[in-house]
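Comments concern the structure below.
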Amino acid sequence: MNVVKRNPEWFGSTSVDAFFDRFFNESIQKGQSGFSPKVDIAETAKEFEIQVAVPGFSKSDFNIDLKDGKLSIAGERKLEKENKERNFISIQTEYGRFFKSFQLPENIDEKGIEAAYENGILSLRIPKDETKKLESKIAVK
């Protein structure tokens, strides 16, 4: 009989889509030297807000691009050089490269996008363009 350790995060109160997203994303990442920071995305009447939890970075460690409506955020945190005075027993801080991308809706103001980094959180404000409406009425024939 085989005993398999149960991971409560995998079988908590999550949707089936979230389960498969986590399964495939973590499987791909295991072969890479990187990590996947947590991201919060919110929408208000005037803008979208993206917050990426990346403590220990400096502003120059980020590369943010927008091309064909796809917002890409990349960064790298390198492990400090060996310190002979300290022997780490455990390192749980995530090091390496990360890459996140988001397909943005068409109703954004690309020139108004702002990014700021403070207290370990990379925040992006993506204003909406009020002249571009994504809604339309479709007549039934």
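Points worth noting:
- From the options Ile64, Ile91, residue that is under 21 Å from Asn119 (Cα atoms) and either touching a helix residue (DSSP H, G or I) at 6+ places or on another chain (Cβ under 6 Å) or at pLDDT 95 or above (or both): Ile64
- Test: residue in the range 104-127 that is among the polar types (S, T, N, Q), within 22 Å of Asp68 (Cβ to Cβ) and open to solvent by 60 Å² or more (accessible area, probe 1.4 Å): no
- Members of the range 93-103 found to be open to solvent by 60 Å² or more (accessible area, probe 1.4 Å), outside any loop (DSSP other than H, G, I, E, B) and aromatic (Phe, Trp, Tyr), listed by number: Phe99
- Candidates in the range 42-64 are the residues that are assigned to a strand (DSSP E or B) and without any contact (Cβ under 8 Å) to a residue 24 or more places away in the chain; of these, the one that is surrounded by the fewest Cβ atoms within 10 Å (Cβ to Cβ) is Ala42.
- Checklist (1) on the phi > 0 side of the Ramachandran plot; (2) touching a residue at least 12 places away in the same chain (Cβ under 8 Å); (3) open to solvent by 100 Å² or more (accessible area, probe 1.4 Å); (4) not basic (Lys, Arg) applied to Gly69, failing item: (3)
- Considering the range 128-141, the residues that are open to solvent by 100 Å² or more (accessible area, probe 1.4 Å) and more than 16 Å from Ile108 (Cα to Cα) include one that is modelled with the highest pLDDT, namely Val140.
The values are calculated or read from the model by the stated rules, or taken from the named source; none is laboratory data. Predicted, not measured: the structure shown is a model, and the values here were computed from it. Cβ sites come from the backbone with ideal geometry, for glycine too, and all protein chains shown count toward neighbours. Accessible surface is based on the protein model in full, side chains and every heavy atom, while ligands, DNA and RNA are left aside. Shrake-Rupley method; radii C 1.70, N 1.55, O 1.52, S 1.80 Å.
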